[in-house]
Protein chains: 2
Amino acid sequence: MDERVRRHAEIIVDHCTDVRAEDHVLVVAPAAASDLVVALYERLGERGARPSLGWSNARAHRAYVRAMAVGDFRTNDAELAAMRETDVIIFVSGPTNVAETSDVDPATTAAASRAAQPILEERLEKRWVITAHPTPGAAQKAGLSTAAWEDFVYGAVDRDWAAQAAFQAQLVDVLDAGAKVHLVSGDTTDLRLDIDGMRTVNDDGRLNLPGGEVYTSPNPDSAEGVVTFDQPLVHSGRELRDVRLTFEGGEVVDYAASQHEDLLASILETDEGARRLGELGIGMNRAIDRFSYNMLFDEKMGDTIHLALGNAIAECVPDDRTFNASAQHVDMLVDMSRDSRIEVDGEVVQRDGTFAFEDGFEG
Amino acid sequence: MDERVRRHAEIIVDHCTDVRAEDHVLVVAPAAASDLVVALYERLGERGARPSLGWSNARAHRAYVRAMAVGDFRTNDAELAAMRETDVIIFVSGPTNVAETSDVDPATTAAASRAAQPILEERLEKRWVITAHPTPGAAQKAGLSTAAWEDFVYGAVDRDWAAQAAFQAQLVDVLDAGAKVHLVSGDTTDLRLDIDGMRTVNDDGRLNLPGGEVYTSPNPDSAEGVVTFDQPLVHSGRELRDVRLTFEGGEVVDYAASQHEDLLASILETDEGARRLGELGIGMNRAIDRFSYNMLFDEKMGDTIHLALGNAIAECVPDDRTFNASAQHVDMLVDMSRDSRIEVDGEVVQRDGTFAFEDGFEG
């Protein structure tokens, strides 16, 4: 086995989830991630933990949800009962075919998600991490050889996370002290948000591996203006392109996409919260130096921001602020490397991908 | 997908487990059985069930148990909680390498089994089935091409189970009315058992698929004599050969094996019940016409009997009889096709593989 797989498992079990003796650890992974599962199980044995192994099988999921009647989805009480007894959840992605669910009706996906919502809420109370094992399917989507994709993934994952956190803390301080955010990119994005009173999280690779972003939740009635997401994203097995959203009073009042606009519409129609923003994130992991059609990596990339339609992030929203609740949480990216800036309370904190606290910044 | 895979899924969901709307169904399968899992999920969607998918990963299991200290195994309370909410369990075997756990210390395997015992007991209260997906690994072990192994598996699985049950009922009647069983094969097996008051089960392919045997539990203090299991069996990843057991007062007082005798010793030392018999089974599925080193098939083969060391079968033991309890249940086979006979209360019911109620029987 590639020694980097063992190193990956070590980071997951030790840094991300701090597994201790007798912890109940649920590992959920696709078959293509078998090597990482073996390495994780070895490490979990060394820790004296109690692992369970769930198999995320996209072909089976597709077959099941297509055969179900939309109204028949029910919460899986067995999975909910197990989740209540679980201490740590390790999700491993590693697609064989990212388009596997591309022929599932979005209404079906939404019904399945709603039924699973109580399990998700329970999971968010635990220690958890989402990571990725490098697979040929993901490499293909990124346009890379499998070997080059492995180098990319392990480069992004095996970082000095303390140093990364110290670097990011400089931006956290700015956002925690700030209120008005203004995002400008070319002539296609000009959006104002309010983050007053919200908390900013310094992602040091615990909940997501790779980590390397700073994020908060905007006040849900604050978004004003237009944003064009110039990087595609894969959602429900489909590639959404050139999503353009217009906000008034925090709500999407106009939208467009050059591909799969119907999917975008179905996301927005899920519930009230799906038409408002739940997250503003700023990517700061410089080891991620290219887009890969894989949000776990893309959203951490330096010189990018992402906004999520839908559910806000609990850690970011104090009790005296409004939490934007939704069954959706759909991240979308803007490349900020050129002709772009982020302003906080009128001060430019990033221009063309370079932060005010970095060398080469031109305010 | 091979249409026989869909047919297999249909038999599992309809005949074996009678899945109904909203049932919680746990499917546990190895990666090599992905096609059957997809077919099962499709069928479970048609039934409106709520499936969960566990991944049985022998490499991960091996890595985990080898890394654990023997004293540290604990019951997985998350799996136990899930099992309590589960209605149906579908276990699919389909090895990639049957020797995967051949370098795990039997004491470690026993410790892991003891920790899992409460989950097993909970599972036995539910509707469940154990079946097999044809894999190259299992085909190799059987000495067949994968295509020939597929033909063999589907031939054994896709039977007229009502007709099979009617055929087997003739033997059930004999055993239910009988008390003293005498098993003779060549000059290596001469064993007497008492089944007085025990119930006999007619296996029509519900709990095991393929099914096709008739089984009961002997009174645990009744075995007297010698039995030589002339067919090898794979246990804990190791191939046990030529196991010979001598019984007195129901208990093993002498044992030998030509290969892995240490494993046999560790099985016998597990607990009190592991030194006594928990099952007498008689194979009657004529579609299984060759040994395959795979107990799920071998024990159903016509012209064979099997005896299990260890745990008795709940359905077979009425409240007024002694139940032989053990963490073990290890089936071992005797080929009865030549120079052999089964007697019940002094009457020959099978000679050289032919039953008294079949054509060609020579009492």
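Label position 7 Å from Cα toward Cβ: report the copy-to-copy distances for A:Arg66 in nm, one decimal, ordered from shortest.
Its label point is 4.0 nm from the equivalent points in the other copies.
Sort shortest first the distances from B:Asp289 to its counterpart in every other copy, using label points 7 Å along the Cα-to-beta-carbon line, and give them in nm.
List, nearest first: 6.5 nm.
Which value at 222 nm does chain A reach when only helices count, each DSSP H run of 4 or more adding -39,500 (n - 2.57), with the total divided by all residues and rounded to the nearest 500 deg cm²/dmol?
-9000 deg cm²/dmol
Please give every one of the lysines within straight-line cross-link reach of A:Lys300, meaning a C-alpha to C-alpha distance under 22 Å, and leave out same-chain neighbours fewer than 8 residues apart.
A:Lys141
Tell me, how many Å apart are the Cα centres for the stretch B:208-243 and for the stretch B:49-116?
For the stretch B:208-243 versus the stretch B:49-116, the Cα centre distance is 23 Å.
Label position 7 Å from Cα toward Cβ: report the copy-to-copy distances for A:Pro118 in nm, one decimal, ordered from shortest.
2.3
At 18 Å minimum axial length over the Cα atoms and a Kyte-Doolittle cut of 0.5, report the qualifying DSSP H helices in chain A, or say none.
Flagged H segments are A:161-177.
Cut-off 10 angstrom, C-alpha nodes, Gaussian network model of chain A. Which of A:Phe323, A:Phe91, A:Phe73 fluctuates the most?
Result: A:Phe73 has the largest fluctuation of those listed.
I'd like the Karplus ³J(HN,Hα) series for the stretch A:290-296: coefficients 6.51, -1.76, 1.60, θ = phi - 60°, whole numbers in Hz, and an x wherever there's a Gly or Pro.
Along the stretch A:290-296, the couplings run 7, 6, 9, 6, 9, 4, 4 Hz.
May I ask you to sort B:Val37, B:Val348, A:Val172, B:Val70 by Cβ crowding, counting other Cβ atoms within 10 Å and putting the fewest first?
Starting with the residue having the fewest Cβ neighbours, the order is B:Val70, B:Val348, A:Val172, B:Val37.
Any idea what the relative contact order of chain A is, in percent, if you count C-alpha pairs under 8 Å spaced at least 6 apart?
Relative contact order here is 14 percent.
Taking the Cβ of each residue in B:Tyr154, A:Tyr215 as the centre, tally the other Cβ atoms inside 10 Å and list the residues starting with the fewest.
Lowest to highest Cβ neighbour count: B:Tyr154, A:Tyr215.
Which value, in debye to the nearest 20, describes the size of the charge dipole of chain B about its Cα centre when Lys and Arg Cβ atoms bear +1, Asp and Glu Cβ atoms bear -1, and nothing else is charged?
Using only the charged Cβ atoms, the result is roughly 1160 debye.
Working from the pairwise distances between different alpha carbons, so that the mean of 1/r is found and then inverted, what is chain A's Kirkwood radius in Å?
Result for chain A stands at 21.0 Å.
Counting every Cα pair in the stretch B:3-157, what percent are over 25 Å apart?
36 percent
Springs between alpha-carbon pairs under 10 angstrom, Gaussian network model over chain B: which of B:Ala312, B:Ala163, B:Ala138 fluctuates most?
Evaluated over chain B, the most mobile residue of the options is B:Ala163.
Given Cα positions, please report Rg to Rh for the protein assembly as shown, the hydrodynamic radius being the Kirkwood one.
1.07
Show me, for the stretch A:350-363, the HN-Hα J-couplings you get by feeding each phi into the Karplus relation (A = 6.51, B = -1.76, C = 1.60, θ = phi - 60°), rounded to Hz, glycine and proline as x.
8, 10, 6, x, 9, 7, 4, 9, 10, 4, x, 6, 10, x
Would you list A:Thr109, A:Thr216 from fewest to most Cβ contacts within 10 Å?
A:Thr109, A:Thr216
With +1 on the Cβ of every Lys and Arg and -1 on the Cβ of every Asp and Glu, and nothing else charged, how large is the dipole of the protein assembly as shown about its Cα centre, in debye rounded to the nearest 20?
560 debye
Of B:Asn324, B:Asn285, B:Asn76, which has the largest mean-square fluctuation in a 10 Å C-alpha GNM of chain B?
Of the options given, B:Asn76 has the highest mean-square fluctuation.
Taking the Cα centre of the stretch B:301-363 as origin and charging only Cβ (+1 Lys, Arg; -1 Asp, Glu), how large is the dipole, in debye to the nearest 20?
260 debye
Only the coordinates and a few stated rules stand behind these numbers; no lab work does. Just so you know, these numbers come straight off a predicted model, no measurement behind them. Glycine also receives a Cβ, built like all others from the backbone with ideal geometry; neighbour counts cover every protein chain displayed.
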